[in-house]
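Peer 1: Have a look at the structure that comes next, please.
The values are calculated or read from the model by the stated rules, or taken from the named source; none is laboratory data. Bear in mind that the values here come from a model prediction, so they are computed numbers and not experimental data. FYI the Cβ positions are ideal-geometry reconstructions off the backbone, even for glycines, and counts take in every protein chain you see. What goes into the accessible areas is simple: the full protein's heavy atoms, side chains included, and nothing from ligands, DNA or RNA. Shrake-Rupley method; radii C 1.70, N 1.55, O 1.52, S 1.80 Å.
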Number of protein chains: 2
Amino acid sequence: MADDNQDYWIGFDLGGTKMLAVVYDHKFKPLGKARKKTKGSEGMEAGLKRINAVINEALDDADVSAKQVKGLGIGCPGPLNLKKKLIRTAPNLGWENVPIGESIEKEFGFPVTVANDVDAGVFGEYQFGAGKGKRCVVGIFPGTGIGGGCVYEGKLFRGANCSCMEIGHISVLPGGAIDGANNHGSLESVASRLTIAGQSALAAYRGQAPHLMNKAGTDISNIRSGALSDSVKKGDQAVKKIVEDACEYLAVSVATVVHLLAPDVIVFGGGLIEAMPDVMLPEIQKQAQKKILPALRDVYEIVEAELGDDAGVMGAAALAKQAVEESNK
Amino acid sequence: MADDNQDYWIGFDLGGTKMLAVVYDHKFKPLGKARKKTKGSEGMEAGLKRINAVINEALDDADVSAKQVKGLGIGCPGPLNLKKKLIRTAPNLGWENVPIGESIEKEFGFPVTVANDVDAGVFGEYQFGAGKGKRCVVGIFPGTGIGGGCVYEGKLFRGANCSCMEIGHISVLPGGAIDGANNHGSLESVASRLTIAGQSALAAYRGQAPHLMNKAGTDISNIRSGALSDSVKKGDQAVKKIVEDACEYLAVSVATVVHLLAPDVIVFGGGLIEAMPDVMLPEIQKQAQKKILPALRDVYEIVEAELGDDAGVMGAAALAKQAVEESNK
């Protein structure tokens, strides 16, 4: 039940398949939530209406009115124009130049903060999770691609009117395979969950991964993090080797990040890491230490994300609060 | 002639071969300077005395007394402990745990700010040169090694109690040659002035670089930036190719920096760049654009450093001023 003397904040996560809104009280305790499928294929106009409907449902669930809300933060895929609160292009949704901030502000009246979805997740881990209160936190999230974000001295590190930390696109293996942006040898091309699934499907097809073959077959769409983790744990040596190779490339990216930014904490998250943290994190750490200058080996630590799927939506709400407080200064 | 109503600042550049002190007025106009050879081999104690002597000479030259000085900034080689104002280790000088801040403060009474020498140079370019007033400036300086620095929203981007932006040590060619830290395939190992000199010496020896052979021979110590530039301009195709290959690796590092930080400006400096900016900068730019995500290709520009050797000493003085102003807040 809402208290009129409190501030309320909304976090929104706009994903490729689902959208989620959560209403928080001033202590970021969740009071109510709602979710729907995103249905990008129905078009942008329909999508913006669905977003508003989800916000209304979450408010209803929390028993909070729009007037009591101080701000909403929304984590979005794709390159953004932060100033104009636009999604420039969301390839997963098929939408272009989405005036998402304006649309929500017009409907509800409270200020909207637009953020990159990975940035929102990293900010969530900084505020409430594995990077709590640290001076410099870098997040690395291997999934279909590999997302990254950085919180430096309490704020998202940002590019010129854009988000940055596109860690999946840095080069780690010149001449390597192509990634989703047609670049060769990017981190994403050699270490994303999708790449690992692809290489593991080959291994299964060749008879090198019987457990994986048994559980998920050779269709990449079916080879999810859980199946990969099971395969490694049940003894598919080829899949274990593929995962270790991916860890070595992730370690190259860790070394690059440490050499450039010397962060206090690198938070690893995403389904693959969550499915086998004990396999991957020590391997990444071991390989990274070999690649880092001695003077920088003791300045950072590698930790597992703590908030799972909540990181993005909590982080988005916290970013909204920070933006409103900044604008009131 | 000094004016009692003004603030005076000192910039100090502690190099491997020479040390330089400059006294500035409140508008950062140089009033006097002094320099000496560093003579690292005479030991740390002797070195600290020489530093104080150079400061005294610069004060004398400027006709300013130590009491009129608000602060001194010193750019130092090697990994530092910024809080304790120590040089942890200066391999070029053979000194360890150098209490450089304390030593100067004790002698003169004004506050000392210790900075990494490349950081000081980048801060100089940010305050007074090619990156003036930009939100995010990254400097890349290929020399014997390859130094880097970043000024973000008016301040040096720093690691946990250390400087960072060790761009020379990021991996760009797995399996490449070793660098000065015994790492394989770092940017430094494939694109430093020293590496270019080494490869060009081979080319000269093989008869592929007659102009270079004629001017500098095959001793790497003699193959300086000027000789390399002459060789390229006079038509040594092998040296031109070596320089272009180095530019391609520098472009990899530019792409990494843009993907991670999306800076407004990347300032390239150092002797090699100064000797042939028209050869190198367009090549770096062209190669980098191919490697950068389309959404980030228009956010940054590559520019040549403007201040040359003055950047470090001016930047150090400006850092001292910033530190004093911060501490007075």
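Peer 1: Past 22 Å, Cα to Cα, is the threshold; run B:36/B:132; B:84/B:106; B:36/B:155; B:29/B:106; A:233/A:286; A:83/A:106 against it and keep the listed order. Please list the in-between numbers first.
Peer 2: Numbers: B:36/B:132 30 Å; B:84/B:106 14 Å; B:36/B:155 30 Å; B:29/B:106 26 Å; A:233/A:286 20 Å; A:83/A:106 16 Å.
Violating the 22 Å limit, Cα to Cα: B:36/B:132; B:36/B:155; B:29/B:106.
Peer 1: Let me ask something else about it. Under a 5 Å amide H to amide H cut-off, with H placed in plane at 1.01 Å, what residues pair with residue A:39 once short-range neighbours are removed?
Peer 2: Result for residue A:39 returns nothing.
Peer 1: State, as an integer percentage, the relative contact order of chain A based on alpha-carbon contacts under 8 Å between residues 6 or more apart.
Peer 2: It comes to 19 percent, rounded to a whole number.
Peer 1: Please go through segment A:112-210 and write out the GluC sites (Glu not before Pro) that DSSP classes as loop and that have at most 14 other C-beta atoms within 10 Å.
Peer 2: A:153
Peer 1: On to the next question. How far apart, in nanometres, would the label points at residue B:245 and residue B:37 be if each is projected 7 angstrom from Cα along the Cα-to-Cβ direction?
Peer 2: 3.6
Peer 1: Compute the angle between helix B:310-328 and the longest alpha-carbon principal axis of chain B, please, reported from 0 to 90 degrees and rounded to the nearest 10.
Peer 2: 50
Peer 1: Give me a single rounded figure for B:167-175: the average over its residues of other chain Cβ atoms within 10 Å of their Cβ.
Peer 2: Neighbouring Cβ atoms belonging to other protein chains average 6 per residue here.
Peer 1: Right, something else. Mind checking the angle between helix B:225-234 and chain B's longest principal axis? C-alpha axes, 0 to 90 degrees, to the nearest 10.
Peer 2: The answer is roughly 30 degrees.
Peer 1: Would you please classify the overall shape of segment B:164-260 from the alpha carbon gyration tensor, given that a ≥ b ≥ c denote the square roots of the eigenvalues, rounded means a/c under 1.5, and beyond that prolate means a/b larger than b/c while oblate covers the rest?
Peer 2: Taking the square roots of the gyration eigenvalues as a ≥ b ≥ c, segment B:164-260 is prolate.
Peer 1: Now, a different point. Quick one: buried accessible area between A and B, total over both chains, 1.4 angstrom probe, nearest 100 Å²?
Peer 2: The A and B chains share an interface burying roughly 3000 Å².
Peer 1: Using r as the Cβ-Cβ distance of residue B:66 and residue A:26, and R0 as 45 Å, what FRET efficiency do you calculate, to the nearest 0.05?
Peer 2: Using R0 = 45 Å, I get an efficiency of 0.25.
Peer 1: Give the nm distances, rounded to one decimal, from residue B:133 to the matching residue in every other copy, measuring between label points 7 Å along Cα toward the beta carbon; shortest first.
Peer 2: 4.0
Peer 1: Send over the per residue convex hull volume for the protein assembly as shown, Cα only, as a whole number of Å³.
Peer 2: Residue-normalised Cα hull volume stands at 167 Å³.
Peer 1: In nm, what does the list of distances from residue B:182 to its counterparts in the other copies look like, shortest first, when each label sits 7 Å along Cα to Cβ?
Peer 2: Result for residue B:182, in nm, nearest copy first: 4.4.
Peer 1: Can you work out ³J(HN,Hα) from phi for every residue in segment A:214-220, in order, using Karplus 6.51 cos²θ - 1.76 cosθ + 1.60 and θ = phi - 60°, giving whole Hz and x for Gly and Pro?
Peer 2: 5, 7, 10, x, 10, 8, 3
Peer 1: In segment A:1-66, which trypsin sites (Lys or Arg not before Pro) are in a loop and have at most 15 other Cβ atoms within 10 Å, using DSSP for the loop call? Mind showing how you got there, number by number?
Peer 2: Values: sites: A:18, A:27, A:33, A:35, A:36, A:37, A:39, A:49, A:50; in loops: A:27, A:39.
Those satisfying the criteria are A:27, A:39.
Peer 1: May I ask which residue of A:294, A:315, A:284 lies farthest towards the positive end of the charge dipole of segment A:283-329, with charges of +1 (Lys, Arg) and -1 (Asp, Glu) on Cβ and the Cα centre as origin?
Peer 2: Projecting each Cα onto the dipole axis, the largest value belongs to A:294.
Peer 1: Further question: Between segment B:79-111 and segment A:35-49, what is the C-alpha centre distance in whole Å?
Peer 2: Going from one Cα centre to the other spans 60 Å.
Peer 1: For B:129-136, what's the mean count of beta carbons from other chains sitting within 10 Å of each residue's beta carbon? It would help to have the intermediate numbers written out before the result.
Peer 2: Numbers: counts 0, 0, 0, 0, 0, 1, 4, 5.
Taking the mean over all residues of the peptide, I get 1.
Peer 1: Additional query: Send over a whole-number figure in Å² for the accessible area per residue of chain A, probe 1.4 Å.
Peer 2: 41
Peer 1: Using the Karplus curve 6.51 cos²θ - 1.76 cosθ + 1.60 with θ = phi - 60°, what ³J(HN,Hα) values do you get for each residue of segment B:246-260, in whole Hz, with x for Gly and Pro?
Peer 2: 4, 4, 5, 6, 4, 5, 4, 5, 4, 4, 4, 4, 5, 4, 7
Peer 1: Just tell me which aspartates and glutamates come within less than 19 Å, Cα to Cα, of residue A:39; anything on the same chain fewer than 8 places away is out.
Peer 2: A:13, A:57, A:96, A:117
Peer 1: Hey, got the dipole for segment A:46-96? About the Cα centre, +1 on K and R Cβ, -1 on D and E Cβ, debye to the nearest 20?
Peer 2: Charge dipole of segment A:46-96: 420 debye, to the nearest 20.
Peer 1: Report, to the nearest whole %, how much of the accessible area of chain A belongs to carbon and sulfur atoms, 1.4 Å probe, protein only.
Peer 2: Working: 6230 of 13490 Å².
Carbon and sulfur: 46 percent of the exposed surface of chain A.
Peer 1: In nm, to one decimal, how far is the modelled label at residue A:234 from the one at residue B:88, with both set 7 Å along Cα→Cβ?
Peer 2: 4.7
Peer 1: Provide a list, ordered by number, of residues in segment B:261-294 showing at least 50 Å² less accessible area with every protein chain present than when their chain is taken on its own, using a 1.4 Å probe.
Peer 2: Correct list: B:261, B:293.
Peer 1: Work out the FRET efficiency for residue A:18 and residue A:219 from their Cβ-Cβ distance, taking R0 = 25 Å, and round it to the nearest 0.05.
Peer 2: Taking R0 as 25 Å, the efficiency between residue A:18 and residue A:219 is 0.65.
Peer 1: Taking a label point 7 Å out from Cα toward Cβ, give me the nm distances from residue A:154 to the same spot in the other copies, shortest first, one decimal.
Peer 2: Going from nearest to farthest copy, the values are 1.4 nm.
Peer 1: Something else: Chain B: Rg/Rh from Cα coordinates, Kirkwood Rh?
Peer 2: Rounded to two decimals, Rg/Rh equals 0.99.
Peer 1: I would also like to ask the following. In segment B:177-279, which trypsin sites (Lys or Arg not before Pro) fall in coil by DSSP and have 13 or fewer other Cβ atoms within 10 Å?
Peer 2: Values: sites: B:193, B:206, B:215, B:224, B:233, B:234, B:240, B:241; in loops: B:206, B:224.
Those that pass, being in a loop and sparsely packed, are B:206.
Peer 1: In whole angstrom, note down how far apart the Cα centers of segment A:277-294 and segment B:133-182 are.
Peer 2: 21
Peer 1: Still on this structure, I have one more. Average partner chain C-beta neighbours within 10 Å, per residue of B:54-60?
Peer 2: Per residue, the average neighbour count from other chains is 0.
Peer 1: Testing the spin-label approximation: label points 7 Å from Cα along Cα→Cβ at residue B:182 and residue A:326. State their distance in nm.
Peer 2: 4.5
Peer 1: Still on this model: In debye, nearest 20, what is the charge dipole magnitude of segment B:1-81 about its Cα centre with +1 on Lys and Arg Cβ and -1 on Asp and Glu Cβ, if you could check? Walk me through the numbers on the way to the answer.
Peer 2: On the way: 12 positive and 11 negative charges, 74 e Å.
Dipole of segment B:1-81, to the nearest 20 debye: 360 debye.
Peer 1: Could I ask something else about it? Relative contact order for segment B:230-329: what is it in percent, counting Cα pairs under 8 Å that are at least 6 residues apart? List each step's numbers first, then the result.
Peer 2: Numbers: 75 pairs, mean separation 32.1, N = 100.
Across segment B:230-329, relative contact order equals 32 percent.
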